[in-house]
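Participant: Can you read through this structure? Questions will come right after.
Throughout, read-outs are computed from the coordinates displayed, never taken from laboratory work. Note that the structure is predicted; figures quoted are calculated from it, not measured. A quick note on method: Cβ atoms are made from the backbone with ideal geometry, for glycine too, and the neighbour counts reach across all protein chains shown.
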Amino acid sequence: MILGIIGAFLPILPGPLSGWVGLLLLHFTSAVPKDWTFLSITLFVAALVWVLDYFIPAMGTKRFGGSKKGVYGTTIGLIIGLFSPIPFGILIGAFVGAFIGEMMHDSKDRDRAIKASFGSILGFFVSASLKFGVGIVYFWFFISTFWEYKSVFF
């Protein structure tokens, strides 16, 4: 569950999916009855947030006036930043990717390129906040279920 919360900010860890694995492990204990509906819904939410994590920064670029090249640049920058060994690589990659994409679209409009690049950063923060929120909710589910059945554990 802690990895799920940390994964909201570290791009190497799939935050919501890690948190869901914690819920799954708890439900596989003999102390907690299995609720497949609950596990299915939380898995769907975790997978949805995991997929949206790759689209929200690009949507931020588009929302701040970015072109298709800026959106593609953001996505490519996110992927390159994900595998780069530098700190905050995914954040820097999204910003630089959006900027390069916008400059390829219109090399004379630097202000719009910077604005779209900041949109990609804002999108990244929105995405991280969404993952953090899901991680906190899953952690709460985990703790509340654990305390509900604590007499079995102790």
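Participant: Using a Cα-Cα cut-off of under 12 Å, which aspartates and glutamates could be cross-linked to LYS131, ignoring same-chain neighbours fewer than 8 residues away?
Facilitator: Cα-Cα hits under 12 Å: ASP53.
Participant: I need the Debye-formula profile for region 35-118: one equal scatterer per C-alpha, no solvent, reported as log10 I(q)/I(0) at q = 0.17 1/Å, two decimals.
Facilitator: Here log10 of I(q) over I(0) equals -0.64.
Participant: Still on this structure: Taking only DSSP H segments of four or more residues, each worth -39500 (n - 2.57), what value at 222 nm results for the chain once the sum is divided by all its residues, to the nearest 500 deg cm²/dmol? Please report the intermediate quantities before stating the final value.
Facilitator: Details: 7 runs with 122 residues, N = 154.
Helix-only estimate at 222 nm: -26500 deg cm²/dmol.
Participant: State the answer as a single residue: which of TYR54, LEU13, LEU26 lies farthest towards the positive end of the charge dipole of the chain, with beta carbon charges of +1 for Lys and Arg and -1 for Asp and Glu, about the Cα centre.
Facilitator: With unit charges placed on the Cβ atoms, the residue in question is TYR54.
Participant: If you don't mind, there's one more thing I want to ask. With only alpha-carbon atoms in the gyration tensor, what are the semi-axes of the equivalent ellipsoid for the chain, in Å, largest first?
Facilitator: Details: eigenvalues 304, 32, 22 Å².
Over the Cα atoms of the chain, the ellipsoid semi-axes are 39, 13, 11 Å.
Participant: Relative to the longest principal axis of the chain, what angle (0 to 90°, nearest 10) does the C-alpha long axis of helix 36-63 take?
Facilitator: It is inclined by approximately 10 degrees.
Participant: Further question on the same structure: Each label point is 7 Å from the Cα along the Cα-to-Cβ direction; what then is the distance between the points at SER40 and LYS108, in nm?
Facilitator: Going by the 7 Å Cα→Cβ label model, 5.8 nm.
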